[in-house]
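Trainee: Handing you this structure, nothing more for now.
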Amino acid sequence: KITETKQYFENRSQYQQCLINYRAISKGVDSIFSANINLEEHQVDIATRVLQDPIQRYILGDEVGLGKTIEAAIIIRQFVLDFPTSHRVLIVCPKELKTQWRHELELRFNLVKSLDIGFIRIYSYEQVEEITPELRKRGINQVDMIVVDEAHNLNRKNHRELFNKIKFHGQKINRFLLLSGTPVLNNELAFLEMLELLDPDIYDISDFLKSK
């Protein structure tokens, strides 16, 4: 029951409409709404599809340059927002991408605090000795989300130990993302191995090898 000037009403209405439009574009996902990113429709569609699934075990298989890291980071940030004091995220990537991952999570997704206190940890494929105890932690410190970048590289012989460890521990969690820009055509074996990581009960690489 108050009266205000037309200018205040119009300014507030414009802000409210802008807010509604942005919420509609981001489909109500807080991690998209609060991130410092330029929204791309395909990234929003992929991230929201994963986040709407209670079992978030997916291969993000966009082509190179289409923003798989951004899609995964949106999902990671939403996990942080949903569980601000109990999220534990393990990111495994080629060593040359470690700096890029930290840069993206810090500057675009404001996850500096989680990185600094160790709730989000980034390791390279070669750091098997550091990754192993992270996977074995239990209780409040256990890893609840695993993200593997360039996941098709895990099928190489020199990463086989890491593959087996991630396969064993990864099957116990509901948040498991594999990123790969490698086309399926002519890379069927690598793709099958990624599927085995996601669901070893259904996809068994040994069955494929026996048939050869």
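Trainee: For Glu96 and Phe9, what does the FRET efficiency come to when R0 = 45 Å and r is the distance between their Cβ atoms, rounded to the nearest 0.05? Don't jump to the answer; show the numbers that get you there.
Mentor: Working: r = 54 Å, r/R0 = 1.20.
The computed FRET efficiency comes out at 0.25.
Trainee: How large is the accessible surface of Ser180 in square angstrom, using a 1.4 angstrom probe and rounding to the nearest 10?
Mentor: Roughly 0 Å² of Ser180 is accessible to a 1.4 Å probe.
Trainee: Have a look at the chain and give its Rg and Dmax from the Cα atoms, expressed in angstrom.
Mentor: Answer for the chain, Rg first and Dmax second: 20.0, 80 Å.
Trainee: So who's got an amide H within less than 5 Å of the one on Ser124, skipping anything under 5 residues away but keeping other chains? H placed 1.01 Å off N, in plane.
Mentor: Cys93
Trainee: Along the charge dipole of the chain, which of Asn36, Ile46, Leu97 sits closest to the positive end, that is, farthest toward it, with unit charges on the beta carbon of Lys, Arg, Asp and Glu (+1, +1, -1, -1)?
Mentor: So the residue we want is Asn36.
Trainee: Further question on the same structure: Say each of Asp201 and Arg49 gets a label point 7 Å from the Cα, pointing the same way as Cα to Cβ; how far apart are those two points in nm?
Mentor: Taking the simple label geometry, Asp201 and Arg49 are separated by 2.4 nm.
Trainee: Give the share of C-alpha pairs in each 5 angstrom bin for segment 90-212, from 0 to the last occupied bin, in whole percents, shortest bins first.
Mentor: Pairs per bin, as whole percents: 2, 10, 20, 23, 19, 13, 7, 3, 1, 0.
Trainee: Using R₀ = 30 Å, calculate the FRET efficiency as 1/(1 + (r/R₀)^6) where r is the Cβ-Cβ separation of Lys137 and Asn38; round to 0.05.
Mentor: 0.25
Trainee: Okay, next question. What's the longest piece of the chain with no exposed GluC sites (Glu not before Pro), counting a site as exposed if DSSP puts it in a loop and it has at most 13 other beta carbons within 10 Å? Don't jump to the answer; show the numbers that get you there.
Mentor: Details: sites that count: Glu4, Glu40, Glu63, Glu126.
Within the chain, the longest run free of exposed GluC sites (Glu not before Pro) spans 127-212.
Trainee: Based on the Cβ-Cβ distance of Glu63 and Gln16, what FRET efficiency does E = 1/(1 + (r/R0)^6) give at R0 = 41 Å, to the nearest 0.05? Intermediate results must be reported in sequence, preceding the final value.
Mentor: On the way: r = 38 Å, r/R0 = 0.93.
The value I calculate is 0.60.
The values are calculated or read from the model by the stated rules, or taken from the named source; none is laboratory data. Since the structure is predicted, the reported quantities are computational estimates derived from the model, not experimental observations. Note that we place each Cβ from the backbone using ideal geometry, even for glycine, and neighbour counts take in every protein chain shown. Protein only, heavy atoms only, side chains kept; ligands, DNA and RNA dropped before computing areas. Shrake-Rupley method; radii C 1.70, N 1.55, O 1.52, S 1.80 Å.
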